[in-house]
Amino acid sequence: MAVCARLCGVGQSRRCRRRPRHNQRDQGSDSDMDEEEEERIVGQKRGTAGCGDRESGVNTAGPGRVHRSALDGAGLPHPHQHPHALSELPPELLVEIFSLLPGTALPNVALACKKFRHILNTETIWRTRCMKEFHMKEDLRKMEVGGVSSRELYVKLLHPYRHILGLWQPDIGPYGGLLNVVVDGLFIIGWMYLPPHDPRVEDPMRRRPLFRIHMWESKKATVECMYGNKGPHKGDIQTVKKDEFSTKCNQTDHHHMPGGRQEEFRRWLEEEWGRTLEEIFHEHMQELILMKFIYTSQYDNCLTYRRIYLPPATPTDLIHPGLFKGTYGSHGLEIVMLSFHRTSARATKLTGDPNVPAGQLTLDIDLSQPLVLPDLEHQRNIEELSRLVLGVHEQVQRQVREGTPDTVRAPAEGDCGDAAAADAAEADHGDISDDCQPGPTADPSPSESQPFVLPLGVMARNEVYPRTCRKCFYGTGLIAGHGFTSPERTPGLFVLFDQDRFGFIWLELKSFSLYSRLTDHLAHAHAPDLERFEAMLRNMQSWTS
C-alpha cells in the first residue's frame, strides 16, 4: 500500500485499489510482455483500477525507470520542490514524459490510475510515437483532417501490423524473391523488389506493390491486394507464426486480363525481362522463361513469407556486407546476400532458379587464400588462371581428407581479375559454405589496385566490367542440374573490384558473374543479434533443400 501511495500521491484513507497479482502479466520488461499484453493499447477499457503498484507494470523496468529519469531533468519550479508522486506533476509535463515511452509500454501506464489513462488520450503523445517509431511526419495532419486521429492510426494500423515491417522472402518454390514491407505515407505497403533487366546489373532495382493496408476510407484497417492490372481490391493478411505471415487475395479475377493467358504472358515478359519472346533467340533461355511464368502465375499473390535480415557488419569485414544483384547466365539477374563469417565470405541466394534454388549458398570465399594474378598478358590465358586456382583447390581438398588445420596459404597475396558468365551454361551457379573476415596480413592497402582483364574463352553476360581490381581469393561456387540434382561445389576465383562490386569466375563453366550492390534503403531489416542472423541462414537452406 505504501508503494501505491508514493506513486499515485494518495494514502490509505483514499483506499487505493491494488490489482491482484494473478491478473498481471507484465514481469518487469516491455520486451518480455506476451502478445496479448502488448495489444492492450490505450483506449480499450479494462476496468476502473485507481492506481497500480509494482505488479501493475508502473514501477517496472519499462515505464517506471523512464518516469524517474525524466523527473531528474523536468525543470521543476524549485530544486527542493520535488513531487512525491508522478501524479503530482502538471499534465503538460506528464504528456512530455509519456511521449518518450515506446507505444508498447503505454498500456501499462494507463493501468496505473485514472489520471494517467485520461492524459494518454492526448493526441500529442500518439503523434510523437507515430513519428519516432514509424517515421511519419506531415501525413499525420492529413489523416487528422480526414477524421482519423493519430491515436487511432497507431492503435488500429501501425501497432497491429508492426510485426510485418521489414524484409521477407516469399515461398515461391525455387524462385524465392525479396519483399520489403514499409510505412509509406499513410499506408503500409508490401513492395516486391525485382532485379534490373538482364544483363544491366548496375541499374537500380525495380519495385512492384503487392499489397497495402490503410485507414483512409474507414475507421478500421483495410487490406488490399495490388496484384494484377485492375487496381486495388480486397485482400487479407494472416500471421501464421512468429516471423512468418501469409497474404490472400479475395478477388483473384482482378488478376486476369481480357486477352487471356497469352496477353498475361506478354505483359509479364515485358515487366520481367524487358523484351518479347521473339527477341530472345536462345532456345534454352526461352524454356526457362516459360517455365518460370507457368510456375509463378499459379500463386495468384496468395503467398507465405518468411522473415530475413540484413547481415551484420563488423570493422574487419572485407567490404560492407549486404544485398547484391548478380548475373546468372540464361537465368538472368538474381539477388544474393553477402555476409562474413570469420575467415570466409558467403553469398546466399534470395532469388533462385530451377538449378540452384533460393536459399542456397551460391558462393563460398576462403579469405585465408588470397591470390595475385600475373600481368595483363598472362591474365588473358585461361590456363594460367586455372593453374593458380586449382593449385589452391587441390591443397584445400587434401587438407580436408587428412583432417589437418586449414593453414594452406596462396602462392602470394594481392589482387585479381574479372571473368565472364556463360550465356549458354545450362547449369546454374551457386552455393558455398565458409566463414569470412580477412586476416590482417592478407589484406593489402585499400589504395592498391591492379589492372584486370577476363581470360580469353571466359564468357561474360555483361561485358561492361571494371578494368581494375583490389583483391582476389580462392572460392567455390555451387552448380547443379535441373531440379537441384547432383549439386557440386566447383572451384573459382572471387574478384573484389570496390566497395560496391565484385565478381566470380566459374572455371568449370568458363563464365563470369558480376555483382553490384543493392543501394535501396531497407528499414526494419537488421537482425537483433548475430545468433538470430545465423539461425536465419540455416533455415533458408532448409526451405528449399
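The values are calculated or read from the model by the stated rules, or taken from the named source; none is laboratory data. All values derive from a computational prediction rather than experimental measurement. In this analysis, Cβ positions are derived from the backbone assuming ideal geometry, glycine residues included, and neighbour counts consider all displayed protein chains. Heads up: the accessible areas ignore ligands, DNA and RNA and are worked out on the full protein's heavy atoms, side chains in. Shrake-Rupley method; radii C 1.70, N 1.55, O 1.52, S 1.80 Å.
In the stretch 359-369, what residues are in contact with a helix residue (DSSP H, G or I) (Cβ under 8 Å, 6 or more places away or on another chain) and within 25 Å of LEU454 (Cα to Cα)?
LEU361, ASP366, GLN369
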- Note on the structure: The residue that is nearest to LYS292 (Cα to Cα), considering only those in the stretch 314-354 that are among the charged types (D, E, K, R) and touching a Phe, Trp or Tyr at 6+ places or on another chain (Cβ under 6 Å), is GLU334
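Looking at the stretch 146-156, is at least one residue touching a Leu at 6+ places or on another chain (Cβ under 6 Å) and assigned to a helix (DSSP H, G or I)? Before you say what the answer is, go through the steps one by one.
Step one: of the stretch 146-156, the residues touching a Leu at 6+ places or on another chain (Cβ under 6 Å) are 150.
Applying the additional criterion that residues be assigned to a helix (DSSP H, G or I) yields 150.
Within the stretch 146-156, one or more residues are touching a Leu at 6+ places or on another chain (Cβ under 6 Å) and assigned to a helix (DSSP H, G or I).
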- Only unsatisfied item for GLY481, checking (1) more than 14 Å from THR327 (Cα to Cα); (2) in contact with a Gly (Cβ under 7 Å, 6 or more places away or on another chain), is (2)
- Take the stretch 293-316 and flag every residue that is in contact with a helix residue (DSSP H, G or I) (Cβ under 6 Å, 6 or more places away or on another chain) and either without any contact (Cβ under 8 Å) to a residue 12 or more places away in the chain or open to solvent by 30 Å² or more (accessible area, probe 1.4 Å) (or both). ASP300, PRO312
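Could you pull out every one of the strands (runs of 3 or more DSSP E) wholly within the stretch 168-285 that has 3 or more residues that are open to solvent by 30 Å² or more (accessible area, probe 1.4 Å) and in contact with a strand residue (DSSP E or B) (Cβ under 6 Å, 6 or more places away or on another chain)?
Numbers: elements: 179-184, 187-194, 206-214, 222-225, 233-241, 244-249.
Fully inside the stretch 168-285 and qualifying: 206-214, 233-241.
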- Task: Could you please give the count of residues in the stretch 467-501 that are in contact with a Cys (Cβ under 9 Å, 6 or more places away or on another chain) and part of a strand (DSSP E or B)?
- Result: 10
- Query: Taking interchain pairs and intrachain pairs at least six residues apart, which have beta carbon atoms under 6 angstrom, with the first residue in the stretch 158-187 and within 18 Å of MET540 (Cα to Cα) and the second assigned to a loop (DSSP other than H, G, I, E, B) and open to solvent by 40 Å² or more (accessible area, probe 1.4 Å)?
  - Reply: GLY166/HIS524
- Got a number for residues in the stretch 131-153 being under 20 Å from GLY190 (Cβ atoms) and modelled with pLDDT of 70 or more? 5
- Item | For LEU100: the one exception among (1) in contact (Cβ under 8 Å) with a residue 40 or more places away in the chain; (2) open to solvent by 40 Å² or more (accessible area, probe 1.4 Å); (3) of a type outside the set (Val, Ile, Thr) | (1)
- Which numbered condition LYS137 misses (of (1) in contact (Cβ under 8 Å) with a residue 60 or more places away in the chain; (2) over 22 Å from the mean Cα position of the chain (by Cα)): (1)
- Message: Looking at VAL389, VAL372, VAL408, VAL356, can you tell me which residue is at pLDDT below 90 and either out of contact with any helix residue (DSSP H, G or I) (no Cβ under 6 Å at 6 or more places or on another chain) or not hydrophobic (A, V, I, L, M, F, W, C) (or both)?
- Response: VAL372
- Message: Among the residues that make up the stretch 379-395, is at least one of them open to solvent by 60 Å² or more (accessible area, probe 1.4 Å), under 33 Å from the mean Cα position of the chain (by Cα) and within 16 Å of PHE473 (Cα to Cα)?
- Response: no
- Item | Matching residues in the stretch 507-545 - criterion: being open to solvent by less than 40 Å² (accessible area, probe 1.4 Å), at pLDDT 90 or above and among the hydroxyl-bearing types (Ser, Thr, Tyr) | SER511, SER513, TYR515, SER516
- Message: If I filter the stretch 341-364 for residues that are assigned to a strand (DSSP E or B), open to solvent by 10 Å² or more (accessible area, probe 1.4 Å) and within 30 Å of ILE280 (Cβ to Cβ), do I get at least one hit?
- Response: yes
- Only residues that are without any contact (Cβ under 8 Å) to a residue 60 or more places away in the chain and under 19 Å from SER516 (Cα atoms): list them for the stretch 470-496, please. ARG470
- Which numbered condition HIS521 misses (of (1) without any contact (Cβ under 8 Å) to a residue 40 or more places away in the chain; (2) more than 15 Å from the chain's Cα centre (by Cα)): (2)
- Item | Residue list for the stretch 259-304, filter: closer than 23 Å to GLY231 by Cα and touching a Leu at 6+ places or on another chain (Cβ under 9 Å) | PHE265, ARG266, LEU269, GLU271, GLU272, PHE293, ASN301, LEU303
- Here are some conditions: (1) more than 19 Å from GLY475 (Cα to Cα); (2) in contact with a Ser or Thr (Cβ under 9 Å, 6 or more places away or on another chain). THR362 meets all but one. Which one does it not meet? (1)
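Could you list all residues from the stretch 450-466 that are assigned to a strand (DSSP E or B) and either open to solvent by 30 Å² or more (accessible area, probe 1.4 Å) or in contact with a Lys or Arg (Cβ under 8 Å, 6 or more places away or on another chain) (or both)? Lay out the reasoning, then the answer.
Step one: list which residues in the stretch 450-466 are assigned to a strand (DSSP E or B), which gives 450-451, 459-460.
Hits for the stretch 450-466 are GLN450, PRO451, MET459.
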- Query: Is one or more of the residues making up the stretch 198-206 within 18 Å of GLY235 (Cα to Cα), of a type in the set (A, V, I, L, M) and modelled with pLDDT of 90 or more?
  - Reply: no
